[in-house]
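Visitor: Take this structure, written in structure tokens, and hold onto it; I'll ask about it next.
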Amino acid sequence: MSDTPQSGLIEVQGGDYEHVLEFEGDGLAYRRVPLVPLSKVVLGGQDFDVAEYSLANLIMLHAAGDRRLTAIPVFPSRAFRNAAIFVGRDSSLTGFADLAGKRVGVSEFAMTTAVWTRGHLQDAHGVGVRDVEWVVGPGQRFPIPAGVRATPADGDLEDMLASGRIDALMAGKPKDLKRPPAERRLRCLVDDPDAVERAYFAATGLYPIMHAMVLHPRVTGDKGLPRRLFDAYVLAKRKALARRLSAGFLPFAERAWDRFGPDDPCCYGLTETNRRNIATLSRYLREQGLSDREPEVDSLFAFGATDWSDA
């Protein structure tokens with residue numbers, strides 16, 4: 001895998017994951033890049049070949065009739081976001097229902113993390129998007145939906161939370177987590193977020209998809225490119241699954257591997273589970289006012305319902 005693709009190669013930009021360590025394919029080169037700036041490049045139509053991009057934002061664009069981006073059903077990033085809500089270390093809030101009527105910060109209202117988390121709040125705890133006052137970061141990629149109470153943040157959202165100017169923060173990984181545990185200013189809203197996530201997975205079978213891979217219009221003339229990309233990702237992931245690198249790095253990781261056995265919880269392609277995953281996110285977008293319809297899953301991807309199996 002190269003971080004400096006040679007001239008003439010299709011450059012694939014995405015995150016730094018174990019499952020792309022051995023990414024290779026005919027005419028392809030992988031470059032690891034920070035994902036937040038990459039999202040702005042993709043949305044702005046700037047120069048790229050193939051890029052990792054927010055699945056929520058992709059669905060929003062297609063629902064609005066914007067078909068500039070061609071996607072393939074490769075999902076390089078998944079994460080449970082049921083408990084992605086943080087409060088001050090000494091906050092009196094202890095449960096999801098406590099958020100009704102509160103001021104909740106979110107850096108980007110339409111980011112996939114926030115859509116999944118708000119969907120869980122509504123489905124499991126009856127707290128809807130209009131039951132909360134949102135405090136949003138600068139430079140929102142999409143307009144805030146009509147009827148949603150939102151005010152601009154007047155500072156860093158984590159600082160605002162630590163000082164009590166907002167009640168909670170919706171975020172995947174706050175900067176505060178980089179501090180030693182004893183020095184952290186924030187805590188997760190619930191005592192046992194792992195239990196919340198495990199219960200969700202047991203009930204739904206969904207490991208929420210965060211991102212998909214999209215192609216710039218100028219490379220879609222190569223009709224064989226989507227399949228070459230898909231096959232390269234599949235092969236790289238198979239090698240990663242065989243290595244199980246993380247199993248020896250963190251305590252108890254081996255038990256997590258044993259729990260799943262030979263199954264791949266991060267399969268690519270338009271499997272039944274992946275279809276439900278995407279359809280759930282699409283429903284959340286509509287319910288939260290970020291789109292006015294739920295596009296057909298097949299319509300989001302190159303070649304529609306073509307066999308994309310990675311088995």
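The values are calculated or read from the model by the stated rules, or taken from the named source; none is laboratory data. Computed from a predicted structure; not experimentally measured. Virtual Cβ from ideal backbone geometry, glycine too; neighbours counted across all protein chains shown.
Visitor: At least 2 residues that are in contact with a Leu (Cβ under 8 Å, 6 or more places away or on another chain) and of a type outside the set (Ser, Thr, Tyr) in each: list the strands (runs of 3 or more DSSP E) lying fully within region 100-170 that qualify.
Guide: 103-106, 168-170
Visitor: Test residue 52 against the criterion of being of a type in the set (Asp, Glu) and either in a strand (DSSP E or B) or in contact (Cβ under 8 Å) with a residue 40 or more places away in the chain (or both), and give yes or no. Explain how you work it out, then say what you get.
Guide: On the way: of a type in the set (Asp, Glu): yes; either in a strand (DSSP E or B) or in contact (Cβ under 8 Å) with a residue 40 or more places away in the chain (or both): yes.
The answer is yes for residue 52.
Visitor: For region 66-100, name all the residues that are surrounded by fewer than 18 Cβ atoms within 10 Å (Cβ to Cβ), in contact with a strand residue (DSSP E or B) (Cβ under 7 Å, 6 or more places away or on another chain) and either among the β-branched types (Val, Ile, Thr) or under 14 Å from residue 209 (Cβ atoms) (or both).
Guide: 78
Visitor: Could I ask something else about it? Is it the case that region 28-36 has a residue that's outside any loop (DSSP other than H, G, I, E, B), free of Cβ contacts under 8 Å to residues at least 60 places away in the same chain and of a type in the set (Val, Ile, Thr)?
Guide: Checked region 28-36: at least one residue is outside any loop (DSSP other than H, G, I, E, B), free of Cβ contacts under 8 Å to residues at least 60 places away in the same chain and of a type in the set (Val, Ile, Thr).
Visitor: Right, next: Tell me whether region 208-216 contains one or more residues that are at pLDDT below 95 and under 25 Å from residue 132 (Cα atoms).
Guide: Scanning region 208-216, I find no residue that is at pLDDT below 95 and under 25 Å from residue 132 (Cα atoms), so the answer is no.
Visitor: A follow-up question, please. Restricting the search to region 245-290, which residues are exposed (fewer than 14 other Cβ atoms within 10 Å of the Cβ), in a loop (DSSP other than H, G, I, E, B) and not aliphatic (A, V, I, L, M)?
Guide: Residues satisfying the conditions are 249, 251, 252, 261, 262, 263, 264, 265.
Condition check ((1) more than 17 Å from the chain's Cα centre (by Cα); (2) at positive phi; (3) aliphatic (A, V, I, L, M); (4) assigned by TED's automatic domain parsing to the domain that holds residue 244) across all residues:
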| residue | (1), (2), (3), (4) |
| --- | --- |
| 19 | no, no, no, yes |
| 24 | yes, no, no, yes |
| 36 | no, no, yes, yes |
| 40 | no, no, no, yes |
| 46 | yes, no, no, yes |
| 51 | no, no, yes, yes |
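Visitor: If residue 230 satisfies all but one of (1) of a type outside the set (Asp, Glu); (2) over 20 Å from the mean Cα position of the chain (by Cα); (3) in the same structural domain as residue 286 (by TED's automatic domain parsing), what's the number of the condition it fails?
Guide: Only one criterion is unmet by residue 230, namely (2).
Visitor: Only one of these is of a type outside the set (A, V, I, L, M), under 18 Å from residue 94 (Cβ atoms) and out of contact with any Asp or Glu (no Cβ under 7 Å at 6 or more places or on another chain): 154, 159, 123, 167. Name it.
Guide: Criteria check complete, one pass: 167.
Visitor: Name every residue in region 269-311 that is modelled with pLDDT under 95 and aromatic (Phe, Trp, Tyr), in order of residue number.
Guide: 301, 303, 308 - these are the residues of region 269-311 that are modelled with pLDDT under 95 and aromatic (Phe, Trp, Tyr).
Visitor: Pick out the one residue from 35, 28, 58 that is crowded, with 16+ Cβ neighbours inside 10 Å and closer than 28 Å to residue 248 by Cβ.
Guide: 35 is the lone residue from the list that is crowded, with 16+ Cβ neighbours inside 10 Å and closer than 28 Å to residue 248 by Cβ.
Visitor: In region 141-155, what count of residues is obtained for those that are surrounded by 14 or more Cβ atoms within 10 Å (Cβ to Cβ) and either aromatic (Phe, Trp, Tyr) or modelled with pLDDT of 95 or more (or both)?
Guide: Of the residues in region 141-155, 6 are surrounded by 14 or more Cβ atoms within 10 Å (Cβ to Cβ) and either aromatic (Phe, Trp, Tyr) or modelled with pLDDT of 95 or more (or both).
Visitor: Take residue 242 and decide whether it is assigned to a helix (DSSP H, G or I) and loosely packed, with under 13 Cβ neighbours inside 10 Å. Let's see the steps before the verdict.
Guide: Numbers: assigned to a helix (DSSP H, G or I): yes; loosely packed, with under 13 Cβ neighbours inside 10 Å: yes.
In short, yes.
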